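Accompanying notes for the structure given below.
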Amino acid sequence: MSINDDVNTQTPLDYQLRHTLDQAFDQLIETLEQVVSCFQQGPQTVWRFDNSPDTGVSGKLDDNSVWLRRALLDMWHTHGQDGRETRNYIGLIAADDTLLAAVDEANLAKANIAACLQRIKEQSASLLGEAKAQLPKRHPDVEQVLEKTGLARLHLKQCWRRLPVAEAPVSRVRFAWYSSGRSIKKLSVREAEQKLLAFDNEADHIRIQLRKLAGIPSGEVLAQVQAQAPLMRANLFFAEPLEDGHTRRALNAAMPIFVPSSDGRLPHTNHPPSTPPETRTRARRRDEKLESDVFLPSLRVFRYR
């Protein structure tokens, strides 16, 4: 089927969704540029964790503005990048009310574009592919990206990931690598069997695992574990307890965290190691629900205790 055939088969709803997405993307870029503009207009102090010569508290407004704009507008998929992973721009920004309001508007725009993409995905997989192809042309930095890499593909998750904002003034922030994260998907015995059969079931190691699987109850629930890439976590300690009584909040720190500050001062911050630890640093929980030994190595499947 030709491209013209695809165009001719589009419905009025398809055109409406694409037009709405174009508008949402333009609005997102506009709000992000407004965040940078508000940052440049105020005495916003910055702490950066980017392994640059001036990592840490920096008074270089121009350098910090360039860094912030790069962080906000980096929506590009690089060669070999896992679609589940995003690039990090770890830092703290002491934000006045004007900047905080601009960040709130940007987060609303991010939520809007995420909703638009979800509606398009539900409508048609091919329409989503067309949307991915059209949006890069609307990005203000597309020419530079094309000149540098020859390819401009948007990383959708980097488009809609929220900018973290502290709910109240913060007295100190503790950053720490979290390198033992994992996602767990429950599988039935039948589902695990089907996944194993998708491999070469004549191979000895697959046949051994199929026999192990046949030896457990058919109704048993199994756990397929996927290790997650190391990430930086930030523990925010509030200057005063929140209305709900909480005195601190933990969040992922993939993007710069905007903390309310009326005087432009940053909270006290530790300096974490530049790279995550190679081995697990946290003790295993005593209430660990999974067996320590993998049950089906080819699928990373464990049994529950």
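The values are calculated or read from the model by the stated rules, or taken from the named source; none is laboratory data. The structure displayed is predicted, hence computed values, not measured ones. Methodologically, a virtual Cβ is constructed for each residue, glycine included, from the backbone with ideal geometry; neighbour enumeration extends over all protein chains shown.
Determine, yes or no, whether residue 160 is assigned by TED's automatic domain parsing to the domain that holds residue 90 and under 30 Å from residue 114 (Cβ atoms).
When the stated conditions are applied, residue 160 passes them.
Please state which one of 18, 48 is in the same structural domain as residue 131 (by TED's automatic domain parsing), modelled with pLDDT of 90 or more, among the basic types (Lys, Arg) and not in a loop (DSSP other than H, G, I, E, B).
The unique qualifying residue is 48.
For region 185-216, give me each residue that is under 17 Å from residue 289 (Cβ atoms), of a type in the set (A, V, I, L, M) and not in a loop (DSSP other than H, G, I, E, B).
187
Evaluate the following for residue 236: is it within 30 Å of residue 261 (Cβ to Cβ) and modelled with pLDDT of 90 or more?
Here the answer is yes, as residue 236 does meet what is asked.
Cβ-Cβ distance below 6 Å, separation of 6 or more or different chains: which pairs start in region 259-278 with a residue that is at positive phi and end on one that is not in a loop (DSSP other than H, G, I, E, B)?
Cβ pairs passing all conditions: 264/94.
Keeping to region 145-191, report how many residues are over 27 Å from residue 47 (Cα atoms) and either exposed (fewer than 15 other Cβ atoms within 10 Å of the Cβ) or modelled with pLDDT of 85 or more (or both).
Adding up the residues that qualify gives 16.
Within region 25-42, identify whether any single residue is surrounded by fewer than 16 Cβ atoms within 10 Å (Cβ to Cβ), modelled with pLDDT under 90, under 29 Å from residue 101 (Cβ atoms) and under 25 Å from the mean Cα position of the chain (by Cα), and answer yes or no.
yes
Mind counting the residues in region 217-232 that are part of a strand (DSSP E or B) and closer than 29 Å to residue 255 by Cβ?
5
Tell me which of these residue 229 doesn't satisfy, since it passes every other one: (1) at pLDDT below 90; (2) among the hydrophobic types (A, V, I, L, M, F, W, C); (3) under 14 Å from residue 166 (Cα atoms).
Among (1) at pLDDT below 90; (2) among the hydrophobic types (A, V, I, L, M, F, W, C); (3) under 14 Å from residue 166 (Cα atoms), the lone unmet condition for residue 229 is (3).
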